[in-house]
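Right, one structure below, let's go through it.
The values are calculated or read from the model by the stated rules, or taken from the named source; none is laboratory data. Worth saying up front: this structure is predicted, and the values here are computed from it rather than measured. Don't worry about glycine lacking a Cβ; one is built from the backbone with ideal geometry, like all the others, and counts go over all protein chains shown.
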Amino acid sequence: MTVEDATGVLDPSRPDVSRPGGRTVPAFPVYDAPGRPERVGDGSLAHREVTYARALGFRPLKLDIWLPRNAAGPTPLVLWVHGGAFQLGDRRELPPTFVPDSVFRLLNQAGIACATADYRHSLEAPFPAQLHDLKAAVRYLREFAADLNIDPERFGAWGESAGGHLVALLGLTGNRPDLEGGLGVQGRSSSVSAVVDFYGVSSLVDIPPMQRPDGLFPDALTAAVPPGMSLQPEHMLVGGSDDPELLAAASPVSYVDAGAAPFLLVHGDSDGLVPHSQTDLLAAALAEAGVEHDVVTIQGGDHCFFGAEDQMDTILATAVDYFSRKLGTP
């Protein structure tokens, strides 16, 4: 059966499709409605395990949506995107230096809704699948904005590490129909109006090889990696290739133009995994294009801000305040 055949079978509006016994077969759902939220603490309501997109041959893609509990009117929303070298992590996990749920809770306390999304890892699908997934998540949130009491005109994106790379791409490709993908809700914008990028990669061509301490990736963790494939995250992201053209096509610096969203770039000066020079490259490209941006360098901060744990409250507050200023609050 081809894709075209399947479309005919699943489209109940097609009058020329025969069905056993003359029964009407509804189309398989592409996404689910948000459902009913649960109360989380004193200040939040959370929609858990929301399927924002289904794709044949892949697991359903999920969102959790955290809403300010007592919002009087539509609130702005920030999409949080997790890191993990495009290989690990999920929407519920924050880095070990962050207090659990802190990002979601702090945004809600500021009157900002937060959605946290899963996306396909690099061995599930190569780039641009990850960007397609997150664009589908943004379109989904706009589709259900009225139900969720969020303002579809005030969306931001915040991510760390691999998630920083992906939110940078969201902020740079809002007007690129060729990068929308075909998943989930269609006909809505996937653009965002502000980006906070924590220590993300901006040029996969220029990132130095990742130095892994012995024992960091036990054999049981790497058992599913195809024999001979490099474990370098940037190569895995583009299907195991070191082709500079493919790496450039997956790099935020390749998409900077004057229409980009404003950026806050936050990076430790002692990052041994993604060097601060990656933020410098993106900042220089944004400056050349005339895009509003700010750079905050965390003294003593390694990747995930290890070594700067005593600054975490200030770091997170800086990001939340940035969204409050750029998106506004009710």
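Within the stretch 218-241, restricting attention to residues that are assigned to a loop (DSSP other than H, G, I, E, B) and in contact with a helix residue (DSSP H, G or I) (Cβ under 9 Å, 6 or more places away or on another chain), the residue that is surrounded by the most Cβ atoms within 10 Å (Cβ to Cβ) is Val238.
Every condition in (1) part of a loop (DSSP other than H, G, I, E, B); (2) surrounded by 11 or more Cβ atoms within 10 Å (Cβ to Cβ) holds for Gly215 except the one numbered (2).
Yes/no per residue for (1) within 19 Å of Ala53 (Cα to Cα); (2) crowded, with 18+ Cβ neighbours inside 10 Å:
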position: Val138; (1), (2): yes, yes
position: Phe144; (1), (2): yes, yes
position: Asp147; (1), (2): yes, no
position: Arg154; (1), (2): no, yes
position: Ala162; (1), (2): no, yes
position: Leu169; (1), (2): no, yes
position: Ser190; (1), (2): yes, yes
position: Val196; (1), (2): no, yes
position: Tyr199; (1), (2): no, yes
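Scanning the stretch 65-115 for residues that are over 26 Å from Ser230 (Cα atoms), modelled with pLDDT under 95 and surrounded by 17 or more Cβ atoms within 10 Å (Cβ to Cβ) gives a single hit, Ala71.
If you go through the stretch 276-297 and keep only what is in contact with an Asp or Glu (Cβ under 6 Å, 6 or more places away or on another chain) and either within 19 Å of Met312 (Cβ to Cβ) or among the polar types (S, T, N, Q) (or both), you end up with His276, Thr297.
Candidates Gln186, Gln130: the one that is over 20 Å from Leu327 (Cα atoms) and assigned to a helix (DSSP H, G or I) is Gln130. Scanning the stretch 31-64 for residues that are β-branched (Val, Ile, Thr) and at pLDDT 95 or above yields a count of 2. Considering the stretch 64-99, and only residues there that are among the polar types (S, T, N, Q) and in contact (Cβ under 8 Å) with a residue 60 or more places away in the chain, the residue that is farthest from Tyr322 (Cα to Cα) turns out to be Gln87.
Within the stretch 277-303, if we keep just the residues that are surrounded by fewer than 23 Cβ atoms within 10 Å (Cβ to Cβ) and touching a residue at least 40 places away in the same chain (Cβ under 8 Å), the residue that is farthest from Glu234 (Cα to Cα) turns out to be Ala285.
Look at (1) under 16 Å from Gly83 (Cβ atoms); (2) in contact with a strand residue (DSSP E or B) (Cβ under 9 Å, 6 or more places away or on another chain) and you find that Gln232 fails only one, number (2).
Does the stretch 312-325 contain any residue that is of a type outside the set (Asp, Glu), closer than 30 Å to Leu77 by Cβ, over 23 Å from the mean Cα position of the chain (by Cα) and surrounded by 15 or more Cβ atoms within 10 Å (Cβ to Cβ)? There is no residue in the stretch 312-325 that is of a type outside the set (Asp, Glu), closer than 30 Å to Leu77 by Cβ, over 23 Å from the mean Cα position of the chain (by Cα) and surrounded by 15 or more Cβ atoms within 10 Å (Cβ to Cβ). Among the residues of the stretch 174-207, those identified as of a type outside the set (D, E, K, R) and under 19 Å from Gln278 (Cα atoms) are Val195, Val196, Phe198, Tyr199, Gly200, Val201, Ser202, Ser203, Leu204, Val205, Ile207. When restricted to residues that are in a strand (DSSP E or B) and out of contact with any Leu (no Cβ under 7 Å at 6 or more places or on another chain), the stretch 52-65 contains 4.
From the list Leu265, Leu281, Leu286, Leu273, pick out the single residue that is closer than 19 Å to Val167 by Cα, among the aliphatic types (A, V, I, L, M) and touching a Gly at 6+ places or on another chain (Cβ under 9 Å). It is Leu265. Every test in (1) of a type in the set (S, T, N, Q); (2) closer than 18 Å to Asp133 by Cβ; (3) part of a loop (DSSP other than H, G, I, E, B) is passed by Thr24 save one, and that test is (2).
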